[in-house]
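Input: a single structure, listed below in C-alpha cells.
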Amino acid sequence: MNGAKYGLAFLVLAGILSAASAAYSYGPTRRAQVCLIRAGYTGWVKISYSVAGAPELPVVDGAYTIVPSGDGHATTSTKMGSGLAEDKYFYVDGDGTRDELSLESPPGIVGIRGARYFTIPKLENQRPQEFRVFFVGTLGAYQNAPKADKFLISY
C-alpha cells in the first residue's frame, strides 16, 4: 500500500513539475500586434511606444493594430510590452485587401527582415524610449538599405 501512495505522489509531483516547466520555457506573453503596411512600401518601419500625448493603439480581435504612415513611422502612448506573441504583418491595398508578409520569406519575396526591439533608459529630464524597427522588402533590398541605426537617428 505504501508503494502505491509513493507512486501516486510521484506522478502528481511529476505532473506539476512538467506543467511548471512548460509554462516557464514559453516565458511571459504580451498582446499580439498586427501591423498594416501600405501595399508596395519598401523600407524601414519604426514604431515608437510610450510617447506622452500620442494615441493608444486600438485593439481589434484581441491584437493591437498598428498603421505606419507613408514614411514607415508610427507613434503610440501604448507600452511596448515584453514577452512572446504571434505578431502579424500585412500589406494593405486601397480596397483594404490584406496580403500577409512573412518573417521567413525567401530572398526574392517581400517579407519582414531585421526586426529589433529597443529600450533606451531614462536620461536626465527625459522619459525612457521604447521602439521597434523592422525592414519591409526583399533580402536584396534589406542588404542594400541603410542600416537601422541610421534610420533611428533620422527620427
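The values are calculated or read from the model by the stated rules, or taken from the named source; none is laboratory data. Computed from a predicted model, the values in this text were never measured in an experiment. Ideal geometry is used to build each Cβ from the backbone, glycine not excepted, and the neighbour counts take in all protein chains shown.
Within region 99-120, residues that are among the hydroxyl-bearing types (Ser, Thr, Tyr) reach partners that are assigned to a loop (DSSP other than H, G, I, E, B) and modelled with pLDDT of 95 or more with beta carbons closer than 8 Å, at six or more positions or on different chains, in the pairs SER105/THR138.
Any chance you could count how many residues in region 95-128 are of a type outside the set (A, V, I, L, M, F, W, C) and more than 22 Å from ALA145 (Cβ to Cβ)?
Kept after step one, since they are of a type outside the set (A, V, I, L, M, F, W, C), are these residues of region 95-128: 95-100, 102, 104-108, 111, 113-114, 116-117, 119, 121-122, 124-128.
Still in the list and also more than 22 Å from ALA145 (Cβ to Cβ): 95-98, 119, 121-122, 124-128.
Residues meeting the conditions: 12.
Residues in region 42-52 that are touching a strand residue (DSSP E or B) at 6+ places or on another chain (Cβ under 9 Å) and either of a type in the set (Asp, Glu) or in a loop (DSSP other than H, G, I, E, B) (or both): THR42, SER50, VAL51.
Take the residues of region 74-124 that are aliphatic (A, V, I, L, M) and surrounded by 14 or more Cβ atoms within 10 Å (Cβ to Cβ): which is nearest to ARG31 (Cα to Cα)? Lay out the reasoning, then the answer.
To start, the set of residues in region 74-124 that are aliphatic (A, V, I, L, M) comprises 74, 80, 84-85, 92, 101, 103, 109-110, 112, 115, 120, 123.
Going one step further and asking which of them are surrounded by 14 or more Cβ atoms within 10 Å (Cβ to Cβ), we end up with 74, 80, 85, 92, 101, 110, 112, 115.
Working: ALA74: 18, MET80: 10, ALA85: 6, VAL92: 22, LEU101: 19, VAL110: 25, ILE112: 19, ALA115: 17 Å.
Among them, the one singled out is ALA85.
Looking for whichever is small (Gly, Ala, Ser) and assigned to a strand (DSSP E or B) here; the options are GLY96, GLY114, GLY70. Which one fits?
Residue meeting the stated conditions: GLY114.
Scanning region 113-155 for residues that are modelled with pLDDT of 90 or more and within 18 Å of SER69 (Cα to Cα) turns up ARG132, VAL133, PHE134, PHE135, VAL136, GLY137. In the set (1) in a loop (DSSP other than H, G, I, E, B); (2) touching a Cys at 6+ places or on another chain (Cβ under 8 Å), the condition left unmet by MET80 is number (2). Evaluate region 102-118: report whether one residue or more is more than 18 Å from THR42 (Cα to Cα) and touching a strand residue (DSSP E or B) at 6+ places or on another chain (Cβ under 7 Å). Yes.
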